[in-house]
Amino acid sequence: MRFVDEYRDAGMARALAARIAGLCEPGRAYKFMEVCGGHTHTIYKHGLEDYLPEGISLVHGPGCPVCVIPMGRVDDAIAIAAQPGVIMATFGDMMRVPGGNGSFLDAMARGADVRMVYSPLDALKIARDNPDKRVVFLAIGFETTAPSTAMTIMRAASEGIANFSVFCNHVTIIPAIKAILDSPGLRLDGFIGPGHVSTVIGCRPYEFIPGEYGKPIVVAGFEPLDVLQAVHRNLLQLAEGRAEVENEYGRVVPWNGNPKALAVINEVMELRPHFEWRGLGFISDSALCLRERYAEFDAERIFQVPGARVADPKACQCGEVLKGVLKPWECKVFGTACTPETPIGTCMVSSEGACAAYYNFGRFSRDRVKEATRT
Amino acid sequence: MNREELVLERIERARRSRPRLREELVTLAHGAGGKASRTLVEAVFLPSFRNPHLEPLADGAVLDLHPGTAPPDGEAPDGGAQNGGGLDGEAAHGRAPDGVSLDVGEPVGGGAGGPATTGGLAFTTDSYVVTPLFFPGGDIGDLAVNGTVNDLAMCGARPAHLSAAFIIEEGFPVEHLRRIATTMAGAARAAGVTIVTGDTKVVQRGKADGCYITTAGVGMVPSGVRLGADAVRPGDAVIVSGPIGEHGVTVMLARGRLDIEAELVSDTAPLNGLTARLLEACPDGRVRCLRDATRGGVATVLNEIARSSEVAVIITEEAVPVRPVVRGACELLGIDPLYVACEGRMVAVVAGESADAALAALRSHPLGEEAAVVGRVAEDPPGLVLLKTGFGGTRIVDVLVGDPLPRIC
């Protein structure tokens, strides 16, 4: 398949792996964080760690939109969905996310009308087709998906669709990276920068990472060779004593991002003073809400929601996993009490969650499997 | 053993313990064919119905109709022909499929049942709730016949007779019903089976989605055939009978919500011709296990085999036949073709030394022209399905919790 296979070429991977191995100082341990859950998924899905020398470990970051939604917000969304005459529309990934009192799947079994959509425009269509219902789109995601939510709201406004609203949970990536860099106990050598978010925000916003923290960051695509290449370019910077923002994903990410998309976000949304992130706690200026002029489409203003802060279950260590302090399997409940069937934490739900990726794809001893797959 | 390996072992133990059903209400995940479905069956139905035939939870049961255990008048239990009306024709009434004329000379192996079978009457049932009812390459009628024929074929049986029960929503066009019946007749003819009994029920508008069909089927397993997910051994070869994922993707696209256009038709087909040819080419237990890769796809089937036989199944991604259009659609949707349902493809595990003969036999049949050896069975690590990725890495292929594409069969 064109535009896919060339980025999954095993021969090129082997060549790149040899160069990576050559750049590693003997005895030195390197830690690179892939910020984005999409990268985590790629790493496990393609078995990329098989190519990395022992000294390099990849630390999974907070860039999984489903994973960072706090339980209280899930409960609020379910409370809206449970109101009479409401159709809640959201992405499939949200269906199994546990709130304080079950997930959307459970709410559906109790009678809530929750529809899985692929785009906010699908939700708008549901609103158009069901004028007697109130249709709420549960919006999640970083700057990647915020423009399409904003566009949809603008369209709803121009078409005068009054039975449509958005429960906005959009977050912004830069404050999360800052929080990671400021969190004690985590020593990182560099970053694999998020690809999709950067198509919107560009590469400039990352300049503080080398500038203030002296760490390299390489914005990367989502094919396995992209990720391997990002590791290589991080190592190259370290070897040459540089710390810069580099763009490995030039085929998609413009250095200055997408000004039109940013303008659309800015038209419809503004920063919230603070927002709770699962595991990371409250972070200032880290999330988006609808501007006053679009208040009629703001589900938070239309519906009464509990708005309560719900503490994560005590056993759940999603926070540590999201910050990269713990590897998924180091969590106390990983794989025993918390599994994809009965998730306790969000990291076990989304396909981009570090725990789900490790559980579904990487749950084996590499040494034993090397033996078994030898042909 | 390092700390990670200790954790992995703890997880394996947790996975082997019987899962508890925690939900108070049934959710869609319970119908998706993955882990949640199994939990529901094991927690609710198995304890009530428990018997050696049911216990393996295989595609069908193979019954030993010894004198004394067969129903006295030769009528199949719950023969469906008592309610009158609908399809319950006089001709079918009281004449159980094949009745007492069945050749059941050879006893079933092992009193404890087990999925392995050695001759006898294969019996299976399945319900069909696909939406949309009509899709490129077939309709719900094809699935209802082929699905049950295939379940019998996977037991090693020669499918003979089917029942068909319809639950129809008030207001459903008779024209559609005619179309479905015509399809079913054609599919039955193609598979060499007859539909000998049935039932119809009509429910109020809104209480069903158009039309649901349940079929059951019986067929004879030739003596000497012993198939089972627990009969697989290290060194065996894993074969897939053709390109995977076409049915699931076709139905998904037929819903028209994705704005993806692709030239693709469902792979729905009866596999009994293919299995007969394979069993003939590789006799005497050299075919270990057959499974049609329906709900949950090839990945789910391989996991069942790895778990039941306590072996590792090692698959090479590049060897798995997937048409570019299916790969492309799956790539866009973010799903793995290994989990997408087929309705006319099977996984066959055969003795390693018989791999070439099996492949030749399958490829000699129109439905198996693109059959391929996709992997092999190893001893360690038991219970796991491993994939050597096209990229050159290794990963696990696990059972999904829910189906990525609901209501496709």
| message | Can you tell me how many residues within segment B:16-56 are open to solvent by 40 Å² or more (accessible area, probe 1.4 Å) and farther than 26 Å from A:ALA109 by Cα? | response | 8
| query | Being without any contact (Cβ under 8 Å) to a residue 12 or more places away in the chain, among the hydrophobic types (A, V, I, L, M, F, W, C) and out of contact with any strand residue (DSSP E or B) (no Cβ under 7 Å at 6 or more places or on another chain), is that true of even one residue in segment B:33-40? | reply | no
| Within segment B:247-278, how many residues turn out to be in contact with a Lys or Arg (Cβ under 7 Å, 6 or more places away or on another chain) and closer than 26 Å to B:VAL385 by Cα? | 1
| field | Residue under evaluation B:ALA29, criteria (1) in a loop (DSSP other than H, G, I, E, B); (2) within 25 Å of the chain's Cα centre (by Cα); (3) at the interface with another protein chain (Cβ under 8 Å from one of its Cβ atoms); (4) aliphatic (A, V, I, L, M), criterion not met | value | (1)
| query | Can you pull out the residues in segment A:1-35 that are open to solvent by less than 30 Å² (accessible area, probe 1.4 Å) and either small (Gly, Ala, Ser) or touching a Cys at 6+ places or on another chain (Cβ under 8 Å) (or both)? | reply | A:ALA10, A:ALA13, A:ALA17, A:TYR30
| remark: Taking segment B:44-53 and keeping only residues that are without any contact (Cβ under 8 Å) to a residue 24 or more places away in the chain and not aromatic (Phe, Trp, Tyr), one is left with B:VAL44, B:LEU46, B:PRO47, B:SER48, B:ARG50
| request: For A:GLY55, indicate whether it is over 22 Å from the mean Cα position of the chain (by Cα), modelled with pLDDT of 90 or more and closer than 25 Å to A:CYS168 by Cα. | output: no
| Members of segment A:106-124 that are within 11 Å of another protein chain (Cβ to nearest Cβ) and open to solvent by less than 20 Å² (accessible area, probe 1.4 Å) | A:ALA107, A:VAL114, A:VAL117
| Condition met for B:PHE134 (surrounded by fewer than 24 Cβ atoms within 10 Å (Cβ to Cβ) and in contact with a Cys (Cβ under 7 Å, 6 or more places away or on another chain)) | no
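Only one residue in B:GLY352, B:GLY402, B:GLY344 is in contact with a Ser or Thr (Cβ under 6 Å, 6 or more places away or on another chain) and either crowded, with 21+ Cβ neighbours inside 10 Å or away from chain A (no Cβ under 11 Å) (or both). Which one?
B:GLY344
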| field | Test result for B:VAL265, open to solvent by 10 Å² or more (accessible area, probe 1.4 Å) and either of a type in the set (Val, Ile, Thr) or in the same structural domain as B:ALA144 (by TED's automatic domain parsing) (or both) | value | yes
| note | All-but-one check, B:GLY235 against (1) under 17 Å from the mean Cα position of the chain (by Cα); (2) of a type outside the set (Ser, Thr, Tyr); (3) assigned to a loop (DSSP other than H, G, I, E, B), failing number (1)
| field | Residue check, B:ARG376 without any contact (Cβ under 8 Å) to a residue 60 or more places away in the chain, under 28 Å from B:ARG277 (Cβ atoms) and open to solvent by 10 Å² or more (accessible area, probe 1.4 Å) | value | no
| request: Output the residue which, of all residues in segment B:32-62 that are part of a loop (DSSP other than H, G, I, E, B) and acidic (Asp, Glu), is farthest from B:GLY217 (Cα to Cα). | output: B:GLU55
| field | Cβ-Cβ under 8 Å pairs, at least 6 apart or on other chains, segment B:163-180 side at positive phi and in the same structural domain as B:ASP126 (by TED's automatic domain parsing), far side among the charged types (D, E, K, R) and open to solvent by 50 Å² or more (accessible area, probe 1.4 Å) | value | B:GLY171/B:ARG205
| field | Subset of segment A:74-89 [crowded, with 24+ Cβ neighbours inside 10 Å and among the charged types (D, E, K, R)] | value | A:ASP76
| request: Could you check A:LYS133 against (1) within 22 Å of the chain's Cα centre (by Cα); (2) surrounded by fewer than 17 Cβ atoms within 10 Å (Cβ to Cβ) and say which number it fails? | output: (1)
| request: Please give the number of the condition A:ARG28 fails out of (1) away from chain B (no Cβ under 11 Å); (2) free of Cβ contacts under 8 Å to residues at least 24 places away in the same chain; (3) not in a helix (DSSP H, G or I). | output: (2)
| said: Can you pull out every residue in segment A:65-86 that is in a helix (DSSP H, G or I) and over 23 Å from A:GLY37 (Cβ atoms)? | reply: A:ALA79, A:ILE80, A:ALA81
| Matching residues in segment B:320-336 - criterion: being more than 22 Å from the chain's Cα centre (by Cα) and open to solvent by less than 60 Å² (accessible area, probe 1.4 Å) | B:VAL325, B:GLY328, B:ALA329, B:LEU333
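Rundown of residues vs (1) part of a loop (DSSP other than H, G, I, E, B); (2) of a type in the set (Phe, Trp, Tyr); (3) in contact (Cβ under 8 Å) with a residue 12 or more places away in the chain; (4) open to solvent by less than 30 Å² (accessible area, probe 1.4 Å), yes/no style:
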{"position": "B:THR214", "(1), (2), (3), (4)": "no, no, yes, no"}
{"position": "B:VAL225", "(1), (2), (3), (4)": "yes, no, yes, yes"}
{"position": "B:MET252", "(1), (2), (3), (4)": "no, no, yes, yes"}
{"position": "B:GLU261", "(1), (2), (3), (4)": "yes, no, no, no"}
{"position": "B:PRO270", "(1), (2), (3), (4)": "yes, no, yes, yes"}
{"position": "B:LEU279", "(1), (2), (3), (4)": "no, no, yes, no"}
{"position": "B:THR294", "(1), (2), (3), (4)": "yes, no, yes, no"}
{"position": "B:ALA306", "(1), (2), (3), (4)": "no, no, yes, yes"}
| Of all residues in segment A:47-63 being in contact with a Leu (Cβ under 9 Å, 6 or more places away or on another chain) and within 14 Å of chain B (Cβ to nearest Cβ), which is most open to solvent (accessible area, probe 1.4 Å)? | A:GLU49
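Of everything in segment A:254-271, what is open to solvent by 30 Å² or more (accessible area, probe 1.4 Å) and closer than 19 Å to A:PRO205 by Cα? Give them in sequence order.
Residues satisfying the conditions are A:PRO254, A:TRP255, A:ASN256, A:ASN258, A:PRO259, A:LYS260, A:LEU262, A:ALA263, A:ASN266, A:GLU270, A:LEU271.
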| note | Subset of segment A:154-199, residues within 20 Å of A:ARG128 (Cα to Cα) and open to solvent by 10 Å² or more (accessible area, probe 1.4 Å), comes to A:MET154, A:ARG155, A:ALA157, A:SER158, A:GLU159, A:GLY160, A:ILE161, A:ALA162, A:ASN163
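Restricting to segment B:5-15, what's the tally of residues that are facing another protein chain (nearest Cβ under 7 Å) and exposed (fewer than 15 other Cβ atoms within 10 Å of the Cβ)?
Total satisfying the criteria: 2.
The values are calculated or read from the model by the stated rules, or taken from the named source; none is laboratory data. All figures in this text were calculated on a predicted structure; none of them were measured in a lab. Cβ: placed from backbone, ideal geometry, glycine included. Neighbour counts: every protein chain shown. Just the protein is used for accessible areas: all its heavy atoms, side chains included, with ligands, DNA and RNA removed. Shrake-Rupley method; radii C 1.70, N 1.55, O 1.52, S 1.80 Å.
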